[in-house]
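Have a look at this one.
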Amino acid sequence: MRTASSWSNLLFSLLQLPKIYPITNVELSGLVHADQVRTLAFVGCRLLQIREKYGSSVDIFNSVVESLSIADAFGMTIILNDRADIAIASGAHGIHLGQDDLPPAEARKLLGDEAIIGYSTHSVEQAIEAVKLPVDYLAIGPIFSTSTKQDPDPVVGLAGIRKVRKAIGDFPLVAIGGIDITNVHSVIAAGADSAAMISDLFAPRTNLAERFLALESAASVKH
C-alpha cells in the first residue's frame, strides 16, 4: 500500500491535470451525461467528473456505465462525484469526495491503489490536513460566489488559492466555484493546476464543444 505522501508523485506519473476540468450537469446542459462525455471527448477533453445528485442509484449506475463506454474509446478518465458504491460497480476511474462524504482513507480501501481520489477543501487548514490523506488531488473553493451548490461554503477568492498553494507545495490543486471565461486565467495564475467548470461551461446559447475549447484557450493565455 502506498503511503499518503506518495500520492502526489503517483498522480504526476499517471495523470496530468488539465487546465479545464469539466463537471457534468444535466439540468444546465439539457444533455444526458453520456452525451456530454461524447461531445467533450470529441474536442480533446481527457478528464471529466460526472456529478448527479438527484437520480436513483440504478439510473446513475446506468448513466456512468454508458459514459464509460464512450470515454474508454477516447482514453478519457471519468471521475464520479460522491458515490463510491457506483464507482466500484461501474468501473469508474475514480471518485471525488466532499468533507461530509466517505472518508478518503475508507474510500481508498474500497477502490484500491489505482483509483483516482479527489477531495474538496474550503480553507487552508482543511487543505493542510487533506494532503496527509491518501488522495490524488485537492479541490479548493468556492473561489468566487456560485449558484450551482446549495448552502455553499464561504468564498476563498484568489488569495485563498495562493495561500493553499503555499501551504501544500506542489500537491495537485483544482480550483472550483464561480469560475468563468473572464477569470479562469487569474485562477490558474494564482496557483491552481486546474479549474473545475460547471455553470460557465454550459452557459446559455453556447455550444458545449466550442465553449470548452474557448475556456481552455482562456486558461492558457499569457498576459
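If you count the DSSP beta bridges with both ends in the stretch 17-218, what percent of them are antiparallel, to the nearest 5?
Taking every DSSP beta bridge within the stretch 17-218, about 0 percent pair in antiparallel fashion.
Still on this model: Within 11 Å, Cβ to Cβ, of GLN99, how many net charges do the neighbouring residues add up to if Lys/Arg are +1 and Asp/Glu are -1?
Values: positive: none; negative: ASP100, ASP101, GLU129, ASP153.
Here the count lands on -4.
What's the local net charge at GLY118, with K and R +1, D and E -1, over the other residues with C-beta under 13 Å away?
Taking every other residue near GLY118 into account, the sum is -2.
Now for a separate question. Based on a Kirkwood Rh over C-alpha pairs, give the Stokes-Einstein translational diffusion coefficient of the chain at 10 °C and viscosity 1.306 mPa s in µm²/s.
Roughly 92 µm²/s, to the nearest whole number.
Measure up LYS53/LYS166; LYS132/LYS166; LYS53/LYS163 against 27 Å on the Cα-Cα distance and list the ones that go over.
Pairs exceeding the cut-off: LYS53/LYS166; LYS53/LYS163.
Between SER57 and ILE88, what length in nm is gained on full extension when 0.36 nm per residue of separation is reduced by their alpha carbon distance?
9.9 nm
Taking +1 at the Cβ of each Lys and Arg and -1 at the Cβ of each Asp and Glu, which of GLN16, LEU110, ILE60 sits farthest along the dipole of the chain towards its positive end, judged by Cα position relative to the Cα centre?
GLN16
Per residue of the stretch 156-168, in order, report the coupling 6.51 cos²θ - 1.76 cosθ + 1.60 (Karplus, θ = phi - 60°) as ³J(HN,Hα) in whole Hz, putting x for Gly and Pro.
9, x, 5, 4, x, 4, 4, 5, 5, 4, 4, 6, 10
Still on this structure: Assuming R0 = 35 Å, can you tell me the calculated FRET efficiency for the pair ARG162 and ALA203, based on Cβ-Cβ distance, to the nearest 0.05?
For ARG162 and ALA203, the calculated efficiency is 0.80.
Count the net charge of all other residues whose Cβ sits under 15 Å from the Cβ of ALA34, scoring Lys and Arg as +1 and Asp and Glu as -1.
Spelling it out: positives minus negatives among the neighbours equals -3.
Could you give the dipole magnitude of the chain about its Cα centre, charging the beta-carbon of Lys and Arg +1 and that of Asp and Glu -1, in debye to the nearest 20?
Dipole about the Cα centre, nearest 20: 640 debye.
Still on this structure, I have one more. For the stretch 22-27, in order, what is each residue's ³J(HN,Hα) by Karplus, 6.51 cos²θ - 1.76 cosθ + 1.60 with θ = phi - 60°, in whole Hz (x at glycine and Pro)?
Along the stretch 22-27, the couplings run x, 10, 5, 8, 5, 5 Hz.
On to the next question. For the chain, what is the relative contact order in percent, using Cα pairs closer than 8 Å and at least 6 residues apart in sequence?
21
Further question on the same structure: Using a basic spin-label model with each label point 7 Å from the Cα along Cα→Cβ, how many nm lie between SER29 and ASP113?
Label at SER29, label at ASP113, 3.3 nm between them.
Take LYS53, LYS19 and order them by how many other Cβ atoms sit within 10 Å, fewest up front. Before the final figure, lay out the partial values.
Working: LYS53 12, LYS19 18.
If I rank by nearby Cβ atoms, fewest first, I get LYS53, LYS19.
What is the set of long-range amide H partners of LEU80 at a cut-off below 5 Å, with H atoms built 1.01 Å from backbone N?
ILE50, GLY94, ILE95, HIS96
A short reminder: the numbers here are calculations on the coordinates, not readings from a lab. None of these values were measured; they are calculated from a predicted model. Here Cβ is always computed from backbone atoms with ideal geometry, including for glycine, and neighbour counts include all displayed protein chains.
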